[in-house]
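Take a look at the structure set out below.
The values are calculated or read from the model by the stated rules, or taken from the named source; none is laboratory data. As the structure is a prediction and not an experimental result, all values here were calculated from the model. Positions of Cβ are backbone-derived with ideal geometry, glycine not excepted, and every protein chain shown enters the neighbour counts.
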Amino acid sequence: MIQVNVKGGVMTDAEKEAYIRRAREQYPDKRISSMDISLDGEYADITYHWETVPFERIRRITGYLVGTLDRFNNGKRAEEADRVKHGIG
């Protein structure tokens, strides 16, 4: 359940649900963890707090974009082990 924090007034549960629906429609690719709604007369200022998205590192190794080496066969694993790794010095 998404937590909705209301400041400067009172909102019904139906109004909170309407704001949650609106946020999901506007940002379909993001996941909302909570919302802060500040009421000022007829205006509502909304601050969204998003859930973090896991990040997977992708590298180019021996001509392939990969995240892990688990799907490489022995030949490709040997190529990766033999390559020269450059550092910033």
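Counting the residues of region 36-70 that are more than 23 Å from the chain's Cα centre (by Cα), under 30 Å from residue 12 (Cβ atoms) and in a loop (DSSP other than H, G, I, E, B) gives 2. Can you pull out every residue in region 17-40 that is under 15 Å from residue 6 (Cβ atoms) and acidic (Asp, Glu)? Hits for region 17-40 are 17, 36, 40. When residue 67 is tested against (1) free of Cβ contacts under 8 Å to residues at least 12 places away in the same chain; (2) out of contact with any Asp or Glu (no Cβ under 6 Å at 6 or more places or on another chain), exactly one condition is not met: (2).
Residues of region 41-63 being surrounded by 12 or more Cβ atoms within 10 Å (Cβ to Cβ) and more than 30 Å from residue 7 (Cα to Cα), which ones? 61, 62, listed by residue number. Only one entry in 76, 30 is at pLDDT below 95, assigned to a loop (DSSP other than H, G, I, E, B), surrounded by 11 or more Cβ atoms within 10 Å (Cβ to Cβ) and not aliphatic (A, V, I, L, M), namely 30.
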